[in-house]
1. Against the definition (at negative phi and either assigned to a loop (DSSP other than H, G, I, E, B) or loosely packed, with under 15 Cβ neighbours inside 10 Å (or both)), how does Q57 come out, yes or no?
2. Would you please name the residue that is surrounded by the most Cβ atoms within 10 Å (Cβ to Cβ), looking only at residues in region 1-26 that are farther than 17 Å from N76 by Cβ and of a type in the set (G, A, S)?
3. Considering only region 13-31, state which residues are in contact (Cβ under 8 Å) with a residue 40 or more places away in the chain and of a type outside the set (S, T, Y).
4. Residues N6, N73: which one is within 9 Å of the chain's Cα centre (by Cα) and either at pLDDT 95 or above or not in a loop (DSSP other than H, G, I, E, B) (or both)?
5. Could you list, ordered by first residue, the pairs with Cβ atoms under 9 Å in which the first is in region 32-60 and more than 14 Å from M1 (Cβ to Cβ) and touching a residue at least 40 places away in the same chain (Cβ under 8 Å) and the second is surrounded by 10 or more Cβ atoms within 10 Å (Cβ to Cβ) and aromatic (F, W, Y), at least 6 apart or interchain?
Amino acid sequence: MTVLKNLIGHQNESTYLSGIAEETGLSHSSVSRVITPLIESGIVIEKPLGKQIRTFQLNMESDATRLIIDFYNKINQMLE
């Protein structure tokens, strides 16, 4: 949930694996392990930037992504 929460917080911008790791306090390998199934399911878009750098962004065209964001927002409203 930590990686997904971070991506939701940056939903309209691209971010890097190292940026997610730094902001969440997780290791690069942990972020990579969590983000891989999100990419495979179409929730996250991965874009290469050069030969070694990859950027990540939520796929706002995905129904699943929109449902996750809606659910996240509703849970936060209930907890306020």
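The values are calculated or read from the model by the stated rules, or taken from the named source; none is laboratory data. Remember, predicted model here, so these are calculated numbers, not experimental data. When we count neighbours, we look across all protein chains shown, and the Cβ atoms used for this are built from the backbone with ideal geometry, even at glycine.
1. no
2. A21
3. Scanning region 13-31 gives a single hit, E13.
4. N6
5. T55/Y16; F56/Y16
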